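Each remark here refers to the structure printed beneath this line.
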Amino acid sequence: MFQWLHEVILNGANIIYSLVPEYLLWLLLPFFILFIFPVFLVLFIYGCVIFVHIYGHRHQIREAYHTSYWEGARVAIASFWDGVGYVWHGYELKGIENVPDEGSALFIYYHGCLPLDVYYLISKLVIHKNRSLHCVGDKFIFKIPGWRPLCKLFSITAGTVEECTEELKEGNILCIAPGGVREALFSDPNVYDILWGKRLGFAKVIIGSKTPVIPMFTENCRESFRTPEWGRSFFRWIYEKTKIPLCPIYGGFPVKMVTHLGKPIHFDFDTVTPEEVRKTVKREIRAMIKEHQRLPGSVWQGIAQRWSSSSKKKSDEPEQAELLQRNEAGATSPTSDSEDVVVLRRERSGIEDDDAEVDELGGI
């Protein structure tokens, strides 16, 4: 293997030398030494850290491969993502004791710009609970070339209400983001507003399967990746008309990410209505945002949290209270996701209300 690597490096150097004049190589050498080489060195070191992290799970990977090759691949990939979360985001999972060792549960979560927290959560549950978290994904991800086998391996499905209900009745654990792509791309990082619209599909799944709900929120899930503020209304209009997520994304910032899993919520399934379920779960998610997220959202503060375990600064509390009030005051706030405000916003932007969304589930 080392002989092969040596030949690859040597051949690459010969190609570069033949394509680039010698004087230019000498001219750029100080730049390479000062800037490019340190970057490669840091990436190599972090690659070693991730490898060591994976190696720490070697016994679980070996046992999984004894079960089946696919199970071994699943544990190996989960170990890799667990290492990435540990290195890049200092990822932590709090409330794992609320996840049942067996039997069904439905995770309802606030959707960040990219669902990295869900990938990290899947990895934690595979490694520490030996449980596979089934996920409802948006339909467009199954149209991306090459993604379908990975979705199948990690039980990601564009499930209907009936299919999700059946999965929970079979004793699986499942996660749904009712806000879906709309919430991922167009939620305001200053207030972390919940954009569920009229969706009741997840509530019907809860009632139909008689499954407890575990509310979930991840700190700084909108700070790692973001969508630009310019043109957001235009891209929102395109999405509402076509359901195609064309909004640009930027970031990859190494902010601190902590996923909080709340206590299971139980309902009186014989009398509760889907609207009551949605209202209760939404209230719990909002409470978790209020408790754990520093507002307004800040990339720099998220990065600083990697090296600070202190609580939110008191100087931020007045502004944070005002932002949370904007998020919760449905009748007056333009950032609220109350149904009346959503309808008004759509009328002003030329977006028609979609009654078909009532049964939609959302997804990663």
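State the Cα centre-to-centre distance between region 115-137 and region 272-301 in whole Å.
If we compute the Cα centre of each part, the gap is 21 Å.
For W196, W307, give the ranking by accessible area with the largest first, probe 1.4 Å.
Working: W196 0, W307 200 Å².
In descending accessible area the options line up as W307, W196.
Determine how large the accessible area of V299 is when every protein chain is in place; take a 1.4 Å probe and give Å² rounded to the nearest 10.
For V299, the solvent-accessible surface is approximately 30 Å².
If packing is taken as the average count of other Cβ atoms within 10 Å, what order do 278-285, 120-127, 267-274 fall into, highest mean first?
On the way: 278-285: 17.8, 120-127: 23.1, 267-274: 12.2.
Peptide ranking by packing, descending: 120-127, 278-285, 267-274.
Keeping all protein chains in position, work out how much accessible area E162 exposes to a 1.4 Å probe, and write it in Å² to the nearest 10.
130 Å²
Expressed as a whole percentage, what fraction of the accessible surface of region 237-316 belongs to carbon and sulfur atoms when a 1.4 Å probe is rolled over the protein heavy atoms?
Details: 2570 of 4600 Å².
So the carbon and sulfur contribution to the accessible surface is 56 percent.
Students often forget the sequence filter, so: which lysines lie under 16 Å Cα-Cα from K282 once same-chain residues fewer than 8 apart are removed?
Excluding near neighbours in sequence, the set is K198, K204, K263, K290.
The values are calculated or read from the model by the stated rules, or taken from the named source; none is laboratory data. As the structure is a prediction and not an experimental result, all values here were calculated from the model. Backbone-built Cβ (ideal geometry, glycine too); neighbour counts: all protein chains shown. For the accessible areas, the whole protein counts, side chains as well, though only heavy atoms, and no ligand, DNA or RNA atoms are used. Shrake-Rupley method; radii C 1.70, N 1.55, O 1.52, S 1.80 Å.
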